[in-house]
Amino acid sequence: MQSAISLSLSFPSSLPKSNKFYNAKSIRFCGLRSEAFFGSKSVNYYAAKGVKLRSSGKIVASMSSGNGNGAAANNKSSGFDYDLVIIGAGVGGHGAALHAVEKGLKTAIMEGDVIGGTCVNRGCVPSKALLAVSGRMRDLQNEHHMKSFGIQVAAAGYDRQGVADHASSLASKIRSNLTNSMKALGVDILTGAGTILGPQKVKCGDTVVTAKDIIIATGSVPAVPKGIEVDGKTVITSDHALKLEFVPSWIAIVGSGYIGLEFSDVYTALGSEVTFVEALDQLMPGFDPEIGKLAQRVLINPRKIDYHTGVFASKITPAKNGKPVIIELIDAKTKELKDTLEVDAALIATGRAPFTQGLGLENINVQTQRGFVPVDERMRVVDANGKLVPNLYCIGDANGKMMLAHAASAQGISVVEQVCGKDHELNHLSVPAACFTHPEISMVGYTEPQAREKAEKEGFEISVAKTSFKANTKALAENEGEGLAKLIYRPDTGEILGVHIFGMHAADLIHEASNAIALGTRIQDIKFAVHAHPTLSEVLDELFKSAKVKSNPSLGFELRLSHILFWLKSMLPVQLVHRWLSKIGELA
């Protein structure tokens, strides 16, 4: 299939004069890198595809759709039941389906379990309901905190079943919202597990359908290491914990990542004592080390939490016959027995495993890698011979690139863009992550050790800027001054490499940094942004203003014009560009 892209260019009658000359190769187009417009391929790649200049002055680039993946939405392929079939109706599949309908694609989505997948039914959504309860319990239980506001509160209590019902009803409501949104837009919901029978052919229950393009979005399940016996009552995964069938007096949590931290927040707020079991030498190993240390001082040390690091839970036996849950701990390096714990319950929070069984991948010569479906940077599935499988994509937890619900949705949207003929690649470094403890933790981009490793390898310097919540008026008004925001950046260019926040509403604050990375906005530009006062957003405002960047702010139209001219020189006959440059020089 061929697709046409038109770009109209017009120049103002007068331009700002300047004696400076700018190297267009180092200049961003409207705050974006050229990859944002042309993908990772150079403009010469598209020129080779055949670029024509109409007499009207419009540039028309005629591009092939690559390896067969994609067709323009207004040029639907005939002979298929659907333009797009999505296997899995979680957050990723839902996001892809809605975007596909918006693009005019006839779309079907298959679900063998329940609409909403893990996030809505056994993950993000019900866990936030429990965390909302734990946050309020912490406020009511903190007598000193309440007295600082002049508020007197009697002893706080909770109804376990009421808390569980709140989580369940929220999941049900969101699940209904997702289902209704797809039905209202005309997405066909097919009930049953999807199995790929061959190229562009999928079976759902007893029904076989064909589709121009297929997206795998089957998500993941809790990962349970060998030697651990899960009974769903005293040895549980997050799936069971979200039902809150009981609140143990003492619970061991195996793993101190996002899942483990959030559940420690819930259980300690409801009165449990918690013991972390972490295989690595420090708690919260996936976080920026400085943020992790501060979080441990606030979220772990003052609470009824102890921990064992550098050990594996080699064997866990559920409680039975009046005996407690027994956990055998071995040294992570020597594998020697170090300790034995006896607790009321154990939560296995060691991450998640892709749910890719039964997809029929063998029918298209695709072999999973540790259970994950192999894909390239554009989510296109790669077969056992290293070749792209035409018209087949995989998004979300099933491909293992970034196991977050919103990342799955972003990948799905990116795939739909490709299906509709636009070369699109998601920048995963711009995808934020958050841990909804009290206070919250959020991050985007590189940690400081990762950034330093990259800088050493590529030969540039990095700098770090920090601001404290203690200097923020809104945080102090809430008596929530405990917090830190950290910026990792290049002082020579102003590029944002990473931002990490620990503090009140950190999960909401991170998106300014996330969007800046996604759009290629530099610090010297974003520091001129205006933030309402007094708001927590001023934490980020002060953070960007405190950064020391050597290069000057971009000069708006002049720089953007230089980038346009560089692009034109790459795409058009030299004589034509020279004539335009001469005309612009006369106007200036």
Quickly work out the Phe528-to-Lys183 label distance, labels modelled 7 Å from Cα along the C-beta direction, and quote it in nm with one decimal.
5.1
Mind checking the alpha-carbon convex hull of region 284-336 and giving the volume per residue in Å³?
106
With the convex hull built on the Cα atoms of region 123-242, state its orientation-averaged projected area in nm².
13.2
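Shape call for region 357-447 from the C-alpha gyration tensor, a ≥ b ≥ c root eigenvalues: rounded (a/c under 1.5), prolate (a/b greater than b/c) or oblate? Kindly include the intermediate steps, with their values, before the conclusion.
Numbers: a/c = 2.58, a/b = 1.66, b/c = 1.55.
It is prolate, given that a/c is not under 1.5 and a/b is the larger ratio.
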Tell me, how many Å apart are the Cα centres for region 473-492 and for region 220-242?
37
Per 0.36 nm of contour for each residue apart, how much would the distance between His511 and Lys466 grow if the chain were fully extended, relative to their Cα-Cα spacing?
14.5 nm
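Compute the Rg to Rh ratio over region 269-399 from the alpha carbon atoms, using the Kirkwood formula for Rh, and round to two decimal places. Let's see the in-between values first.
Numbers: Rg = 20.5 Å, Rh = 18.3 Å.
Radius of gyration over Kirkwood radius for region 269-399 works out to 1.12.
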Applying a 10 Å radius around every beta-carbon, put 251-263, 185-197, 456-468 in order of their mean neighbour count, most first.
251-263, 185-197, 456-468
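May I ask you to rank Val389, Val91 by accessible area, largest first, using a 1.4 Å probe over the protein chains only? Spell out each step's value before the answer.
On the way: Val389 20, Val91 40 Å².
The ordering from most to least exposed comes out as Val91, Val389.
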Reported to the nearest 10 Å², Val247 has, with a 1.4 Å probe, an accessible area equal to 40
In whole Å, what three semi-axes, largest first, describe the equivalent ellipsoid of region 208-337 built from its Cα gyration tensor (square root of 5 times each eigenvalue)?
28, 21, 18
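Could you sort Glu328, Glu229 by their accessible area in this structure, using a 1.4 Å probe and putting the largest first? Don't skip to the answer; put the middle values down first.
Values: Glu328 65, Glu229 95 Å².
Listed by decreasing accessible area, they come as Glu229, Glu328.
Convert 25 °C to kelvin, take the viscosity as 0.890 mPa s, use the Kirkwood radius over C-alpha pairs of region 324-393 as Rh, and evaluate the Stokes-Einstein diffusion coefficient in µm²/s, rounded to a whole number. Don't skip to the answer; put the middle values down first.
Values: Rh = 15.7 Å.
Rounded, D is 157 µm²/s.
Can you give me the convex hull volume of the Cα atoms of region 138-184, divided per residue and expressed in Å³? Walk me through the numbers on the way to the answer.
Details: hull volume 4.7 nm³, N = 47.
Dividing the Cα hull volume of region 138-184 by its residues yields 99 Å³.
What does DSSP give for region 247-319 in terms of the percent of beta bridges that are antiparallel, rounded to the nearest 5? If you can, show how the numbers build up before the last one.
Working: 0 of 10 bridges.
Of the beta bridges lying entirely in region 247-319, close to 0 percent run antiparallel.
Which whole-number percentage describes the relative contact order of region 84-170, with Cα contacts under 8 Å and a sequence gap of 6 or more? Working shown, then result.
Details: 83 pairs, mean separation 21.8, N = 87.
So the answer I get is 25 percent.
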Express in nm, to one decimal, how much length is gained between Thr493 and Asp159 on full extension, taking 0.36 nm for each residue of separation and deducting their alpha carbon distance.
114.8 nm
Taking N as the number of residues in region 473-556, what is its alpha-carbon radius of gyration divided by 2.2 N^0.38 Å?
1.09
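The values are calculated or read from the model by the stated rules, or taken from the named source; none is laboratory data. Quick caveat, the model's predicted, so the values are computed rather than measured. Methodologically, a virtual Cβ is constructed for each residue, glycine included, from the backbone with ideal geometry; neighbour enumeration extends over all protein chains shown. Quick note on the areas: whole protein, heavy atoms, side chains included, nothing else; ligands and nucleic acids left out. Shrake-Rupley method; radii C 1.70, N 1.55, O 1.52, S 1.80 Å.
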